[in-house]
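None of the figures in this text is laboratory data; all of them are computed from the coordinates on show. A quick note: this is a predicted structure, and the numbers were derived from the prediction, not measured. When we count neighbours, we look across all protein chains shown, and the Cβ atoms used for this are built from the backbone with ideal geometry, even at glycine.
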Amino acid sequence: MKKKVLIVGGLLFSLLIILAIVIYFKTSNTQSPQETVKLSIESLNLAVTYCRPYKKGRKIFGGLVPYNTYWRTGANESTEISISNKVMISEKLLDAGKYKLYTIPSDDHWEVVFNSELGTWGYQEPNYEKDVLRITFPVNRVDQELEQFTIELKERREGVDMVMKWDLVEVSVPIKVVK
């Protein structure tokens, strides 16, 4: 009898744990839903997968997202960018591949970091030795507040602008196709 009670209790406990995990992941994804943006031009295919947190009345940069520290550039899992060909980003070459995309925001500029370490959760400290490319871009202030973090890929004459925006801040990263 004791053995059956222990078995049933263990099964119930296991089911409760599984249910709690499912509820956690269901609610976290609705709070910061995952999105993938893609763009294909010439021989280049770009895809950025990220989670989109909401502002919810909070101070974002210099508050929720501290200045001068690595940010996973979204919520939940770290943002990943997939690049099909070599590209130039501010006159610096980046090989084709899949990278974690980190940013280091400050008041007037962001450092954009491409890191080759994949398969880590967003809250994990990045392996800085795996940083492949770090480039600084100016912050553009916008007049209209944006509630949800957004990354857009905008085609332009000589490539693509990857535009990251949230709150009253916008940062544009020019990506040029290498021929």
Q) Using only helices, what value at 222 nm comes out for the chain when you add -39,500 (n - 2.57) per DSSP H run of length 4 or more and divide by the total residues, to the nearest 500 deg cm²/dmol? A) -6000 deg cm²/dmol
Q | Candidate aspartates and glutamates for bridging to residue 100, where Cα separation is under 17 Å - those fewer than 8 sequence places away on the same chain excluded | A | 35, 77, 80, 111, 117, 125, 129, 131, 152
Q) Are any of the pairs 98/130; 56/98; 59/130; 38/59 more than 22 Å apart by Cα-Cα distance, and if so, which? A) 56/98; 59/130; 38/59
Q.
Students often get this wrong: which residues of region 82-105 have the backbone nitrogen under 13 Å from the point 7 angstrom along Cα-to-C-beta of residue 45?
A. 82-85, 97-98
Q. Nearest 0.05, what FRET efficiency do residue 93 and residue 17 give at R0 = 41 Å with Cβ-Cβ as r?
A. 0.30
Q. Quick one: if the Förster radius is 30 Å, what FRET efficiency do residue 55 and residue 128 give, using the C-beta to C-beta distance and rounding to 0.05?
A. 0.55
Q. In which sequence would 5, 173 go, from the one with the fewest C-beta neighbours within 10 Å to the one with the most?
A. 5, 173
Q: Report the local net charge at residue 58: Lys and Arg +1, Asp and Glu -1, summed over other residues whose C-beta lies under 15 Å from its C-beta.
A: +1
Q: Please compute the net charge surrounding residue 165, taking Lys and Arg as +1 and Asp and Glu as -1 over other residues with Cβ under 15 Å from its Cβ.
A: -4
